[in-house]
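These notes concern the structure reproduced below.
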Amino acid sequence: MGMGHGPFVTLDGLSASGKTTVAPLVAALLNGVHLTDEVLPTFPRMRAEVDATGILSARFHWWMMANHVKSESARALSQSGRPVVVDSYFPRTIATHRAMGHDCSPEYPNGAFVPDVAVLLEVDERVRQERIRQRAERGTLSHWHQREEPNVAESSRVYRAFGLVRMDGSGCTPQEVARAIVDIVRSQVPRPRLERSTHHDRN
């Protein structure tokens, strides 16, 4: 079997729960790779084009495609022994689009690389709403997010169906949240495997 695979950690959660801020910090603490949507170099342009169509099912399938690409990249890195961290994985895509009215199953699709530790990042709702208000003021809140917000109860139901490990970051710094997630990873991933991957050659 060789050296075994590095832990695969995903962070999902509602908009403005801190996923994008915390994920690279978790990756750094694990001496791992933070895998972003830049796995697809044309991602920003494609995203803008798909978003502009306004077609919910097209957007859902496009995001699922992007997740599958991330899934295979994460699998390859993990099998090489590196810890891998991804924010906004299949649960986020399925939760968001179900909240907007798309009928899709709350489960990982066949063939997807399933995380060793899947975290649901939560934050006090007043804090989250304030962050969303700030995004709206800056003009960075998409109309898709505005379509999801009235039905985030459905998003939360989907996250529960996935059985994600809840992590409440209320009142914590991003660094504190990242350290708490790493503690969860260390408690759930067998120690010999974790030590092999986190002491992996750093070149």
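The residue of region 136-146 that is least open to solvent (accessible area, probe 1.4 Å), among those that are assigned to a helix (DSSP H, G or I) and either over 19 Å from Arg92 (Cα atoms) or among the aromatic types (Phe, Trp, Tyr) (or both), is Trp144.
Looking at Val123, Val127, Val117, Val85 in this structure, which one is in contact (Cβ under 8 Å) with a residue 24 or more places away in the chain, more than 25 Å from Thr53 (Cα to Cα) and surrounded by 24 or more Cβ atoms within 10 Å (Cβ to Cβ)? Please lay out each step first, then the result.
Numbers: Val123 fails: surrounded by 24 or more Cβ atoms within 10 Å (Cβ to Cβ); Val127 fails: surrounded by 24 or more Cβ atoms within 10 Å (Cβ to Cβ); Val117 fails: surrounded by 24 or more Cβ atoms within 10 Å (Cβ to Cβ).
Within the list Val123, Val127, Val117, Val85, the selection yields Val85.
Scanning region 164-188 for residues that are in contact (Cβ under 8 Å) with a residue 24 or more places away in the chain and of a type in the set (Ser, Thr, Tyr) returns a single hit, Ser170.
Just so you know, in region 88-107 the residues that are in a loop (DSSP other than H, G, I, E, B) and in contact (Cβ under 8 Å) with a residue 40 or more places away in the chain include one that is most open to solvent (accessible area, probe 1.4 Å), and it is Glu107. When residues in region 29-48 are screened for being in contact with a helix residue (DSSP H, G or I) (Cβ under 9 Å, 6 or more places away or on another chain) and either farther than 25 Å from Arg131 by Cα or assigned to a loop (DSSP other than H, G, I, E, B) (or both), 9 of them pass.
The values are calculated or read from the model by the stated rules, or taken from the named source; none is laboratory data. The structure presented is a predicted model; accordingly, all values stated were derived computationally and were not measured. Positions of Cβ are backbone-derived with ideal geometry, glycine not excepted, and every protein chain shown enters the neighbour counts. The protein model used for the area step is the full one, side chains on, heavy atoms only, and it has no ligands, DNA or RNA in it. Shrake-Rupley method; radii C 1.70, N 1.55, O 1.52, S 1.80 Å.
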